[in-house]
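What follows is a set of notes on a single structure, which appears directly below.
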Amino acid sequence: MTIVEGLINLGVFLIGLVIVAFTLFSAIRMVVLPRGDNVWLTRTTFRLVYGCFLVRLRRINNYEQADRVLAFYAPVALLIIPVVWMVLAIAGFTCMFWAVGEHPWSKAFLLSGSSMLTLGFAAVDSTVETILAFLAATVGLGIVALLIAYLPTMYGAFSKREEAVTLLEVRAGTPPSAITMIQRYQRIHNLERMPEQWAIWEQWFAELEESHTTFAALAFFRSPQPYRSWITASAAVLDSAALAVSTLDIPRQPDADLCIRAGYLALRRIADLYMIPYNATPHADDPISITRADFDQACAELIASGVPLKADRDQAWRDFAGWRVNYDQVLIELAKLVTAPPAPWTGERPLPLCFNMPRFGHKRRQLAKEPTGSM
């Protein structure tokens, strides 16, 4: 073997080693790392899979049909990721087997695939090749083990999330609405019991942040019913709490303040994972997606249902807007990202124009200090 051939073999071996290391590091960041991490390989796979779904979605003008199609998006993308890991790892070990003397490339590929998939139909001829075969088998089994451990944990988090979303339908309707929620509490003369819900949803938001930043794909798993969604449920609860502290003429509810803070912090952390830009230090007077006319219409509906409201409507609007500004932008952007069902006060997403490629962001946004709104 000449020096040039030796350098070529060394270069090919290092390329294969880098490919395998990159694949394993991506898998560890996605599955094992207990914090939110925007993995390039995962992000790219999800975008490519969505591109395939987009071909079908462009022909749909009915939300129920679109929801049925989108329900397969996250599961399909999630199952394709281990295949991508396997393909990359096999390619990497093919390079390494070729570099240590398994020629031609077809023979190196055959040995790499046999070792990775633990099929054992290709024999090795040297100690170095035996070591590589053992390493390839370990990597292959490790990828399968990661997938087996990952899916049940993620589906457990999904089930817990959906339990609260389903229960909200009893109080806030379908799709969920802050106005409906307050009206139903008033109808059963239990406005004073609303603080019980704020404590429950404060805990839910804390769990939402933990699960949806640890399992990035979880945000795209859709609810069993087409007009339910974790993001529209978040909007209904946060708007209900904001109306309770700003507009309803009831005793002060500190738990509602805490629920709003827990909610917008959770939504912002999820937005950070997908690199969605937003104003982290909004001012209470900054514009929001809800207009004064929308607010006045909501107040009129509440009055018609016998809900007591504060006399100073202008101050109530300023207070409500001051709360809403903390989560308005991230709420709208996350609703677009996951193609949430149409719901009051979550932004207009006309079909089929709402079906855009998930951005996932391209540039990490610098985190700012503790956000401040009216709180």
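Yes or no, residue by residue, for (1) farther than 13 Å from Ala136 by Cβ; (2) under 24 Å from the mean Cα position of the chain (by Cα); (3) surrounded by 15 or more Cβ atoms within 10 Å (Cβ to Cβ); (4) of a type in the set (A, V, I, L, M):
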site	(1), (2), (3), (4)
Gln65	yes, yes, yes, no
Phe72	yes, yes, no, no
Leu78	yes, yes, yes, yes
Ala89	no, no, yes, yes
Ala99	yes, no, yes, yes
Pro104	yes, no, no, no
Gly113	no, no, yes, no
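List the number of the failed condition for Ile276; all other conditions in (1) among the hydrophobic types (A, V, I, L, M, F, W, C); (2) assigned to a helix (DSSP H, G or I); (3) in contact with an Asp or Glu (Cβ under 6 Å, 6 or more places away or on another chain) hold.
Going through (1) among the hydrophobic types (A, V, I, L, M, F, W, C); (2) assigned to a helix (DSSP H, G or I); (3) in contact with an Asp or Glu (Cβ under 6 Å, 6 or more places away or on another chain) one by one, Ile276 breaks only (2).
Could you tell me how many of the residues in region 306-345 are within 30 Å of Asp272 (Cα to Cα) and assigned to a helix (DSSP H, G or I)?
Matching residues across region 306-345 total 18.
Of all residues in region 286-305, which are touching a Lys or Arg at 6+ places or on another chain (Cβ under 8 Å) and part of a loop (DSSP other than H, G, I, E, B)?
Residues satisfying the conditions are Ile288, Ile290, Ser305.
Which of the numbered conditions does Ser26 fail, given that it passes all the others? Conditions: (1) over 25 Å from Leu273 (Cα atoms); (2) among the polar types (S, T, N, Q); (3) in a helix (DSSP H, G or I).
Just one mismatch for Ser26, condition (1).
Looking at Ser229, Ser211, Ser246, which is the one that is farther than 27 Å from Ala77 by Cα and touching a residue at least 24 places away in the same chain (Cβ under 8 Å)?
Ser246
Here, each number is a calculation from the coordinates, and none is a lab measurement. Remember, predicted model here, so these are calculated numbers, not experimental data. Every residue, glycine as well, gets a Cβ built from its backbone with ideal geometry; the counts of neighbours run over all protein chains shown.
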